[in-house]
Amino acid sequence: MSRLTKRQPERGSARSRLLGAACDIIRQKGFAATSVDDLCTGAQVTKGAFFHHFESKEALGVAAAAYWQETTAALFAGAPYHAAADPLERVLAYIAFRRALISDNIARSSCLVGMMVQEVHNTAPAIRDACAASIFGHAGTLEADFDAALRQHGISDVTAASLARHTQTVIQGAFVVAKAAHNTDLAREGLDHLERYVRLLFSTTINGADK
C-alpha cells in the first residue's frame, strides 16, 4: 500500500475514524440501532464522507468486521501468552489473557463480530461471512498449540480445531450471559470454568497450581 500524500490524508483518516467509531458504537447499541448519523457523529465526519468510503451501512459492517479482525490480530499476536515453552501453558495463558481483557464496561469488553453476527446472520450474509472469517480466523491461531498439547499428552479423541472453536463458543457465550445479567463477573466466571475444563481434559496442572 502506497503512503498517503499531503493531498489525501483526510480520506484514510475519515475511513479509519468511521471504522473505529463503528467498533465502539455498534458494541454499545447494536448494529440495527446504530445509524449512519451515529457513526458520522462518532467519527466527526460528514455524511458525504461516509458515503464516499462506504456505499451503505451494510458495507460499513463488512469493513468493520475486517477492521476488527486486523486490529485484534495485532493485539493477540503481541500478547505475552505466546512466551510459554509448553503448549498447554500457552493455551491456559491465552485463557487468562482473555479473562484479563474483561473490564466492568460490558460493551467495551464484548466482541464486535460476535455481537453483529447474532443480529444479522439471517439478514445480512455479507456481514455474517465477514464475522465468521474473524471468529474462525482467530480460533485458527490456537490450533497449533492445542495440536501440540494433544500430541504431547497422548490425547486422540478430540481435535485441535474443535477445541479451538470451543474456546470461542465459551467466550462468546460468556459475553451474552454477562449482558443478560449486566454483570461482567459472569463472563469471568465462564472463562474460569473454561480453564477448569482444559485442565481436566489434559489431566494436568501448571506449575503445581490446580483450580
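The values are calculated or read from the model by the stated rules, or taken from the named source; none is laboratory data. Keep in mind the model is a prediction, meaning the values are calculated, not measured. Here the Cβ positions follow ideal geometry from the backbone for every residue, glycine too, while neighbour counts run over all protein chains shown. Quick note on the areas: whole protein, heavy atoms, side chains included, nothing else; ligands and nucleic acids left out. Shrake-Rupley method; radii C 1.70, N 1.55, O 1.52, S 1.80 Å.
May I ask you to order 64-71, 48-55, 139-146, 176-183 by the average number of other C-beta atoms within 10 Å around their residues, highest value first? Walk me through the intermediate numbers first.
Working: 64-71: 20.1, 48-55: 15.6, 139-146: 18.5, 176-183: 13.9.
Put in order of decreasing packing, that is 64-71, 139-146, 48-55, 176-183.
Any number yet on Rg/Rh for the stretch 59-135, C-alpha, Kirkwood? Ratio of gyration radius to Kirkwood radius for the stretch 59-135: 1.05. For the chain, the C-alpha radius of gyration divided by 2.2 N^0.38 Å, with N the number of residues, is 1.14.
Every helix of 4 or more DSSP H residues in the chain counts as -39500 (n - 2.57), and over all residues that averages to -23000 deg cm²/dmol at 222 nm. Using a probe radius of 1.4 angstrom, the carbon and sulfur fraction of the accessible surface of the stretch 11-80 is 53%.
List the relative contact order of the stretch 110-211 as a percent without decimals, with contacts defined as Cα pairs under 8 Å and 6+ residues apart. Write out the running numbers ahead of the final one.
Working: 70 pairs, mean separation 20.0, N = 102.
In percent, rounded to a whole number, it is 20.
Solvent exposure of D24, expressed as accessible area, is near 70 Å², computed with a probe of 1.4 Å over the protein chains only.
Hey, can you find the accessible area per residue of the stretch 49-169 for me, probe 1.4 Å, expressed in square angstrom? Present the calculation step by step, with values, prior to reporting the outcome.
Details: 5800 Å² over 121 residues.
Solvent-accessible surface per residue comes out at 48 Å².
Using the Cβ atoms and a cut-off under 12 Å, what net charge is assigned to the surroundings of Q152, where Lys and Arg are +1 and Asp and Glu are -1?
On the way: positive: R90, R151; negative: D86, E89, D145, D147.
Overall, the nearby charge balance is -2.
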